[in-house]
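*Asks:* First the structure, which I've put down as structure tokens, then a few questions once you've had a look.
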Amino acid sequence: MGELQNDEMVGQRNQVRLKLAAWWEANARDLPWRFGRTTPWGVLVSEVMSQQTQMSRVVPYWTAWMEAWPDAAALAKASTAEVITAWGRLGYPRRALRLQECARVVAERYGNQIPDDYDQLLDLPGVGDYTASAVSSFAFGRRVPVIDTNIRRVLSRVFLGKESRGGAATRAERDLAADVLPFDTAESVTWNQSVMELGAVVCTAKKPLCESCPVSEECAFLKAGLPGLGEKRTRPRQRFQGTDRQVRGIVLGALREATGGGVVSRERIERLWTDHVQLDACIASLDEDGLIEMLPGGALRLPR
Ligand code: SF4
């Protein structure tokens, strides 16, 4: 792709910004943590929950969670068992414990209000660059580039005409995100949300819906004929069947559903998975992560 001249580039960016803002206005999904309907804490919870889970799947979990624990102080007081149970099948349950650690810090150090400062946000347990910038932008309306997989994919396609390569965000991707971020603060928030939403529902990894895309006329990737579509992963996606993740999920699922004190006997545990070497390794790792409690005789339960 030949380099676009400066004024062409500015024109392209303006067009993309205007079209995406209009598209966002008409098409944004009505998720309960959007449009100022929740607190900054609610936004943070939604971001942590949707890190490895689709936003549409997160909605019922988020809603029940916020009903049970509307703020950080409430979550800080919950038992570990309640937290793991409420996390349900969102996956990667260590995130739930980190979120509770985060709640304790917010409750104790910040008077139950999450800090409105990027660096202080970044300092919270379980909060990385993505979550800190998403909360800064979406909850506090700050002008800060947000960089997640969807945003990287869309920006790379539209402005560079190629796939984002996956893995950690590169310097060039960060520079591009900062470079195309609208100068106006309110517009920057809409920009972050709309680019991310486009990546989630239209410009998806494998089957982008270019025919119904609001920026198809400006998209360098479409113009170039979608070169190497979907070739972005540096490593193949790990299959789920038979993995430790699956086994850990099965064990936690049994403990969540256990009645009568929540204790599951060793005999029942052994029936959950035939490969007992793998099963025991997974039980040990769940214990190390603080997600389960091991009782005498090999019985298990969620931590009290
Ligand atoms: S035209 Fe296609 S590739 Fe370009 S942004 Fe839209 S959906 Fe993505």
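The values are calculated or read from the model by the stated rules, or taken from the named source; none is laboratory data. Keep in mind it's a predicted model, so treat the numbers as computed, not measured. Because the Cβ atoms are built from the backbone with ideal geometry, glycine has one as well, and the counts that use them run over all protein chains shown. Remember, those area values only see protein heavy atoms, side chains included, never the ligands or the DNA or RNA. Shrake-Rupley method; radii C 1.70, N 1.55, O 1.52, S 1.80 Å.
*Asks:* Give the number of residues within the range 51-63 that are touching a Leu at 6+ places or on another chain (Cβ under 9 Å) and outside any helix (DSSP H, G or I).
*Replies:* 2
*Asks:* When the range 137-150 is examined, which residues are found to be touching a helix residue (DSSP H, G or I) at 6+ places or on another chain (Cβ under 6 Å), away from the ligand (no atom under 16 Å from the Cβ) and part of a loop (DSSP other than H, G, I, E, B)?
*Replies:* Ala139, Gly141, Arg142, Arg143, Val144, Pro145, Val146, Ile147
*Asks:* How about the range 161-180: which of its residues are under 21 Å from Cys213 (Cβ atoms) and assigned to a loop (DSSP other than H, G, I, E, B)?
*Replies:* If the condition is that a residue be under 21 Å from Cys213 (Cβ atoms) and assigned to a loop (DSSP other than H, G, I, E, B), then Gly161, Lys162, Glu163, Ser164 are the ones that fit.
*Asks:* Then there is this: If I filter the range 21-36 for residues that are closer than 21 Å to Ala132 by Cα, without any contact (Cβ under 8 Å) to a residue 24 or more places away in the chain, among the small types (Gly, Ala, Ser) and surrounded by fewer than 16 Cβ atoms within 10 Å (Cβ to Cβ), do I get at least one hit?
*Replies:* Within the range 21-36 (the criterion being closer than 21 Å to Ala132 by Cα, without any contact (Cβ under 8 Å) to a residue 24 or more places away in the chain, among the small types (Gly, Ala, Ser) and surrounded by fewer than 16 Cβ atoms within 10 Å (Cβ to Cβ)), the answer is yes, since at least one residue qualifies.
*Asks:* Sticking with this one: Could you check, for the range 151-160, whether at least one of its residues is part of a loop (DSSP other than H, G, I, E, B) and open to solvent by less than 60 Å² (accessible area, probe 1.4 Å)?
*Replies:* For the range 151-160, residues part of a loop (DSSP other than H, G, I, E, B) and open to solvent by less than 60 Å² (accessible area, probe 1.4 Å): absent.
*Asks:* Please determine whether any residue of the range 224-245 is more than 27 Å from Gln100 (Cα to Cα), in contact with a Gly (Cβ under 7 Å, 6 or more places away or on another chain) and among the basic types (Lys, Arg).
*Replies:* Within the range 224-245, one or more residues are more than 27 Å from Gln100 (Cα to Cα), in contact with a Gly (Cβ under 7 Å, 6 or more places away or on another chain) and among the basic types (Lys, Arg).
*Asks:* Suppose we filter Val154, Val247, Val202, Val195 for residues that are more than 11 Å from the ligand (Cβ to nearest atom), touching a helix residue (DSSP H, G or I) at 6+ places or on another chain (Cβ under 8 Å) and not aromatic (Phe, Trp, Tyr); which single one remains?
*Replies:* After ruling out the rest, the residue left standing is Val247.
*Asks:* Please give the helices (runs of 4 or more DSSP H) falling wholly within the range 211-304 in which 3 or more residues are open to solvent by less than 50 Å² (accessible area, probe 1.4 Å), at pLDDT 90 or above and of a type outside the set (Phe, Trp, Tyr).
*Replies:* By residue number, 244-257, 276-288.
*Asks:* Can you name every residue in the range 157-170 that is among the charged types (D, E, K, R) and more than 12 Å from the ligand (Cβ to nearest atom)?
*Replies:* Passing the criteria: only Arg165.
*Asks:* Name every residue in the range 118-136 that is out of contact with any helix residue (DSSP H, G or I) (no Cβ under 7 Å at 6 or more places or on another chain) and in a loop (DSSP other than H, G, I, E, B), in order of residue number.
*Replies:* Hits for the range 118-136 are Asp123, Gly128.
*Asks:* Working carefully through the options Thr63, Thr53, Thr85, find the one that is over 16 Å from Ile114 (Cα atoms), of a type in the set (Val, Ile, Thr), free of Cβ contacts under 8 Å to residues at least 60 places away in the same chain and open to solvent by 40 Å² or more (accessible area, probe 1.4 Å).
*Replies:* That would be Thr63, the only listed residue that is over 16 Å from Ile114 (Cα atoms), of a type in the set (Val, Ile, Thr), free of Cβ contacts under 8 Å to residues at least 60 places away in the same chain and open to solvent by 40 Å² or more (accessible area, probe 1.4 Å).
*Asks:* Which residue pairs have Cβ atoms closer than 7 Å, lie 6 or more positions apart in sequence or on different chains, and pair a first residue in the range 170-181 that is farther than 14 Å from Val16 by Cα with a second residue that is surrounded by 11 or more Cβ atoms within 10 Å (Cβ to Cβ) and of a type in the set (Phe, Trp, Tyr)?
*Replies:* Close Cβ pairs (under 7 Å, with a partner that is surrounded by 11 or more Cβ atoms within 10 Å (Cβ to Cβ) and of a type in the set (Phe, Trp, Tyr)) amount to Leu176/Phe159.
*Asks:* Determine whether Ser46 is open to solvent by 60 Å² or more (accessible area, probe 1.4 Å) and either within 23 Å of Thr204 (Cβ to Cβ) or of a type in the set (S, T, N, Q) (or both). Give the steps one after another, and end with the answer.
*Replies:* Values: open to solvent by 60 Å² or more (accessible area, probe 1.4 Å): no; either within 23 Å of Thr204 (Cβ to Cβ) or of a type in the set (S, T, N, Q) (or both): yes.
The answer is no for Ser46.
*Asks:* Of all residues in the range 66-81, which are aliphatic (A, V, I, L, M), open to solvent by less than 40 Å² (accessible area, probe 1.4 Å) and free of Cβ contacts under 8 Å to residues at least 40 places away in the same chain?
*Replies:* If the condition is that a residue be aliphatic (A, V, I, L, M), open to solvent by less than 40 Å² (accessible area, probe 1.4 Å) and free of Cβ contacts under 8 Å to residues at least 40 places away in the same chain, then Met66, Ala73, Ala74, Leu75, Ala76, Ala78 are the ones that fit.
*Asks:* Ok, one more. Somewhere in the range 99-122, is a residue under 15 Å from the mean Cα position of the chain (by Cα) and crowded, with 16+ Cβ neighbours inside 10 Å?
*Replies:* yes
*Asks:* Which pairs have Cβ atoms under 6 Å, sit 6 or more apart or on different chains, and link a residue in the range 125-143 that is farther than 14 Å from Leu99 by Cβ and open to solvent by less than 40 Å² (accessible area, probe 1.4 Å) to one that is part of a loop (DSSP other than H, G, I, E, B) and not acidic (Asp, Glu)?
*Replies:* Note: pairs meeting the criteria are Ser133/Val144; Ser133/Val146; Ala134/Val146; Ser136/Arg142; Ser136/Val144; Ser137/Val144; Ser137/Val146.
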